[in-house]
Amino acid sequence: MASREHLVEDIQRLMTTAATASAGTRPMPWLAVDLSMAQLKALMVLHARGIVRVGEVAHMLAMSPNATTAVLDRLEEEGLTQRQPDPTDRRAVLVGLTQHGSEWITELLSANVRDFGELLGELTVAELQALHFGMSAVNRVLQRSDAVKPLVAE
């Protein structure tokens, strides 16, 4: 029987192998996007968290407030985000996705899901059941509020 540590390492290795293999053989829609990695990360934070304070985006991306403002400026110019005053704190600013931004990021993520769906079609029912069991466990952990951490290690 494999130890817990060994299983975790093996799963991480399998994830890396799968990501590397798919990068060379499958289309990656996000590569066609003319946004920086920081801008793409900011969009992902806003997609996941909804309307939040600019400071929370800065914290999640481990960026300075000034750098975060520059990222959000560009996204706002593209019509992907919008800022508004925080009604509970005059000093704070809220930021969220626009309708266009929400549709855009949803389409980007949907393309990845469609590609993954094609791969799932190659699996047996037993393999799909095992994957479903594992993904359900991962999602359960991700849904816990204490699992939310900055995207960049501090």
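No value in this document is a laboratory result; all are computed from the given coordinates. Computed from a predicted structure; not experimentally measured. All Cβ positions, even for glycine, are placed from backbone atoms using ideal geometry, and neighbour counts span all protein chains on display.
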List pairs: first residue in the range 65-86 and closer than 18 Å to Ile51 by Cβ, second residue small (Gly, Ala, Ser) and not in a helix (DSSP H, G or I) anywhere in the structure, Cβ distance under 7 angstrom, at least six positions apart or on different chains. Thr81/Gly96; Gln82/Gly96; Asp86/Ala92
Residues of the range 94-133 satisfying the condition of being of a type in the set (Val, Ile, Thr) and part of a strand (DSSP E or B): Val95
Scan of the range 68-93 for residues that are of a type in the set (Ser, Thr, Tyr) and part of a helix (DSSP H, G or I), ordered by number: Thr68, Thr69
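If we scan the range 50-69, do we find a residue that is among the hydrophobic types (A, V, I, L, M, F, W, C) and within 30 Å of Leu7 (Cα to Cα)? Spell out the reasoning first.
Going residue by residue through the range 50-69, those that are among the hydrophobic types (A, V, I, L, M, F, W, C) are 51-52, 54, 57-58, 60-63, 67.
Subsequent filtering for residues that are within 30 Å of Leu7 (Cα to Cα) retains 60-61.
The answer is yes, given that some residue of the range 50-69 is among the hydrophobic types (A, V, I, L, M, F, W, C) and within 30 Å of Leu7 (Cα to Cα).
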Looking only at the range 33-67, count every residue that is in a helix (DSSP H, G or I) and farther than 22 Å from Leu108 by Cα and tell me the total. 8
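Would you confirm, using the coordinates I've provided, whether Leu40 is under 16 Å from the mean Cα position of the chain (by Cα), over 30 Å from Ile11 (Cα atoms) and among the aliphatic types (A, V, I, L, M)?
Numbers: under 16 Å from the mean Cα position of the chain (by Cα): yes; over 30 Å from Ile11 (Cα atoms): no; among the aliphatic types (A, V, I, L, M): yes.
Spelling it out, it is not the case that Leu40 is under 16 Å from the mean Cα position of the chain (by Cα), over 30 Å from Ile11 (Cα atoms) and among the aliphatic types (A, V, I, L, M).
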